[in-house]
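Take a look at the structure set out below.
The values are calculated or read from the model by the stated rules, or taken from the named source; none is laboratory data. No experiment lies behind these values; they were computed from the predicted model shown. Counting neighbours? That spans all protein chains shown, and the Cβs are built from the backbone with ideal geometry, glycine included. For accessibility, only protein heavy atoms count, side chains too; no ligands or nucleic acids. Shrake-Rupley method; radii C 1.70, N 1.55, O 1.52, S 1.80 Å.
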Amino acid sequence: MMDDLDLGFDEQERGEKGKHRRGRRKGGKSGGGRGKTVLALLLAVVLLGTIGGGAFYGFDRIQSRFVTPDYDGGGTEEVTVQIPQGAFLADMAVALYDAGVIKSTKAFIEAADENSRSRNIQPGTYKLRKQMSGELALTAMLDPKNRVVNGLTIPEGRTAKSIFKLLSDHTEIPVKEFEAAAKDPEKLGVPDWWFKREDGKKPKKSIEGFLFPDTYEIPPDSTAETILGQMVDHFLTVTGEMEFADRVQKERGGISPYEALIVASLAQAEAGTKKDLGKVARVAYNRVYSQTFDCGCLEMDVTVNYYLELTGQKTKTSGQMTQSDLNNPDNPYNRKLRGMIPTPINNPGKDALEGAMDPPNGDWLFFVAVDKEGNSAFAETYEDHLKNEAKAREAGII
């Protein structure tokens with residue numbers, strides 16, 4: 001009703017101004033102008049009376065369309081706010097609003113737009129206060145003393161078991177709590193579709209592969225669930241930005257994103273240099289899917305070591321592995337089993353993911369490290385592979 005009254009008054013006012021611009025009638029009076037003015041005044045009186053009678057909330061609602069809701073002052077009780085990796089200003093504003101720091105997301109975004117330093121806000125945990133103005137909240141986040149520095153770097157290629165130990169040492173949360181939380185990857189945020197396979201093998205749901213390696217700010221009140229969930233969320237953000245799943249499905253010819261994630265973990269474990277990640281991924285694809293490798297298996301010792309670590313045994317170099325290690329029939333990661341292994345064997349970084357998503361073309365089936373810098377030589381035939389092995393022996397690598 002108020003909107004209708006306001007609109008009618010505006011139209012009348014515009015009409016009166018229009019008449020004045022066109023000129024008055026003879027005698028200096030306009031025939032209906034005085035009556036309309038009186039009507040407008042009466043409507044205004046009624047409107048003011050209505051507001052005084054308890055409908056002020058309508059005026060406040062309309063006013064909020066033009067005035068940004070904001071708190072005054074520096075806030076009340078202290079609160080910690082977590083800003084995740086890759087968060088944009090809008091994401092930060094939502095986090096602050098949800099924590100009760102700011103009255104509206106718009107208040108923070110407007111303050112950030114007016115301050116060029118806002119782009120310097122880093123992910124992590126911040127000590128702020130509830131009910132702060134948008135401007136003061138921004139100022140507080142730009143002050144290093146309000147950032148809780150509790151960072152932990154997770155290296156690329158670590159297994160989940162190894163990561164649990166790192167996290168436990170850093171947070172004093174028992175390893176068993178991380179193991180318990182990891183039993184349900186979907187509860188931690190891994191979508192169900194990630195575990196689908198196209199090779200006919202039954203999916204095995206594991207957290208392995210989804211704990212993205214990076215440096216994380218861990219809030220003091222974190223639990224095993226929230227920490228692992230943070231890592232899973234970062235994995236989903238990174239792979240989403242890469243369009244990993246979409247590109248694998250379009251470009252890898254019937255291979256699922258989960259199978260490609262497994263290949264990324266193999267490349268992470270086997271490649272000695274960044275530039276060889278894609279080539280090692282190509283070897284894994286060729287051995288398992290191209291039907292040009294006799295056993296159709298991976299035949300990589302890193303899968304044996306993963307099983308040894310998984311079962312609480314010491315890992316070994318290739319030279320230390322026995323035949324029972326290499327061909328253990330109870331090992332689901334047996335290097336001689338046909339097809340792709342059940343799960344990733346570690347948590348690969350972005351470069352390894354890119355290598356598995358978009359590997360270089362090549363018919364390589366073999367590779368071996370040939371120098372102390374970790375560079376590998378790749379071969380399509382076993383005969384050429386033997387020549388590369390000879391070079392590796394001369395260099396003292398094998």
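Pairs under 6 Å by beta carbon, first residue farther than 18 Å from Thr343 by Cα in the stretch 253-277, partner open to solvent by less than 10 Å² (accessible area, probe 1.4 Å) and of a type in the set (A, V, I, L, M), six or more apart or different chains?
Here the result reads Ala271/Val280; Leu277/Ala267; Leu277/Ala352, each pair linking the stretch 253-277 to a residue that is open to solvent by less than 10 Å² (accessible area, probe 1.4 Å) and of a type in the set (A, V, I, L, M).
Restricting attention to the stretch 311-327, which residues are over 17 Å from Leu337 (Cα atoms) and not in a loop (DSSP other than H, G, I, E, B)?
Answer for the stretch 311-327, where residues must be over 17 Å from Leu337 (Cα atoms) and not in a loop (DSSP other than H, G, I, E, B): Ser318, Gly319, Gln320.
For the condition surrounded by fewer than 20 Cβ atoms within 10 Å (Cβ to Cβ), touching a helix residue (DSSP H, G or I) at 6+ places or on another chain (Cβ under 8 Å) and not β-branched (Val, Ile, Thr), what is the one hit in Glu156, Glu77?
On the way: Glu77 fails: touching a helix residue (DSSP H, G or I) at 6+ places or on another chain (Cβ under 8 Å).
Answer to the selection: Glu156.
Being modelled with pLDDT of 90 or more and out of contact with any helix residue (DSSP H, G or I) (no Cβ under 7 Å at 6 or more places or on another chain) is the filter here; which residues of the stretch 56-74 pass it?
Answer for the stretch 56-74, where residues must be modelled with pLDDT of 90 or more and out of contact with any helix residue (DSSP H, G or I) (no Cβ under 7 Å at 6 or more places or on another chain): Tyr71, Asp72.
Out of the residues in the stretch 140-170 that are of a type in the set (S, T, N, Q) and over 22 Å from the mean Cα position of the chain (by Cα), state the one that is nearest to Leu236 (Cα to Cα). Lay out the reasoning, then the answer.
First, pick out the residues of the stretch 140-170 that are of a type in the set (S, T, N, Q): 146, 150, 153, 159, 162, 168.
Next, only the ones that are over 22 Å from the mean Cα position of the chain (by Cα) stay: 146, 168.
On the way: Asn146: 28, Ser168: 23 Å.
So, considering only residues that are of a type in the set (S, T, N, Q) and over 22 Å from the mean Cα position of the chain (by Cα), the one nearest to Leu236 (Cα to Cα) is Ser168.
Quick check: anything in the stretch 215-230 in a helix (DSSP H, G or I), aliphatic (A, V, I, L, M) and open to solvent by 10 Å² or more (accessible area, probe 1.4 Å)?
We begin by selecting, within the stretch 215-230, every residue in a helix (DSSP H, G or I); these are 224-230.
Those still in the list that are aliphatic (A, V, I, L, M) too: 224, 227-228.
Keeping just the survivors that are open to solvent by 10 Å² or more (accessible area, probe 1.4 Å) gives none.
Within the stretch 215-230 (the criterion being in a helix (DSSP H, G or I), aliphatic (A, V, I, L, M) and open to solvent by 10 Å² or more (accessible area, probe 1.4 Å)), the answer is no, since none of the residues qualifies.
Looking at Asn361, Asn346, can you tell me which residue is touching a residue at least 60 places away in the same chain (Cβ under 8 Å), surrounded by 20 or more Cβ atoms within 10 Å (Cβ to Cβ) and out of contact with any Cys (no Cβ under 7 Å at 6 or more places or on another chain)? Lay out the reasoning, then the answer.
On the way: Asn361 fails: surrounded by 20 or more Cβ atoms within 10 Å (Cβ to Cβ).
So the residue among Asn361, Asn346 that is touching a residue at least 60 places away in the same chain (Cβ under 8 Å), surrounded by 20 or more Cβ atoms within 10 Å (Cβ to Cβ) and out of contact with any Cys (no Cβ under 7 Å at 6 or more places or on another chain) is Asn346.
Which count do you get for residues in the stretch 279-299 that are farther than 12 Å from Met340 by Cβ, surrounded by fewer than 22 Cβ atoms within 10 Å (Cβ to Cβ) and small (Gly, Ala, Ser)?
The total comes to 1.
Working only within the stretch 119-153, note down all residues that are among the polar types (S, T, N, Q) and open to solvent by 10 Å² or more (accessible area, probe 1.4 Å).
Of the stretch 119-153, the ones among the polar types (S, T, N, Q) are 120, 122, 125, 131, 133, 139, 146, 150, 153.
Residues satisfying the conditions are Asn120, Gln122, Gln131, Ser133, Thr139, Asn146, Asn150, Thr153.
Taking Gly240 as meeting all but one of (1) within 22 Å of the chain's Cα centre (by Cα); (2) part of a loop (DSSP other than H, G, I, E, B); (3) not polar (S, T, N, Q), write down the number of the exception.
(2)
Tell me, which helices (runs of 4 or more DSSP H) wholly within the stretch 98-194 include 2 or more residues that are basic (Lys, Arg)?
On the way: elements: 105-113, 134-142, 160-171, 175-182.
Result: 160-171.
Residues of the stretch 195-213 being outside any helix (DSSP H, G or I) and surrounded by fewer than 22 Cβ atoms within 10 Å (Cβ to Cβ), which ones? Steps first, please.
Keep residues of the stretch 195-213 that are outside any helix (DSSP H, G or I), which gives 196-213.
Passing the criteria: Lys196, Arg197, Glu198, Asp199, Gly200, Lys201, Lys202, Pro203, Lys204, Lys205, Ser206.
Select from the stretch 219-243 the residues that are of a type in the set (Val, Ile, Thr) and either without any contact (Cβ under 8 Å) to a residue 12 or more places away in the chain or more than 16 Å from Glu177 (Cα to Cα) (or both) and list them in ascending order. Can you show your working first?
Filtering the stretch 219-243 down to residues of a type in the set (Val, Ile, Thr) leaves 223, 226-227, 232, 237-239.
Residues satisfying the conditions are Thr226, Val232, Thr237, Val238, Thr239.
Can you give me the number of residues within the stretch 300-310 that are open to solvent by less than 20 Å² (accessible area, probe 1.4 Å) and either in contact with an Asp or Glu (Cβ under 8 Å, 6 or more places away or on another chain) or not in a helix (DSSP H, G or I) (or both)?
3
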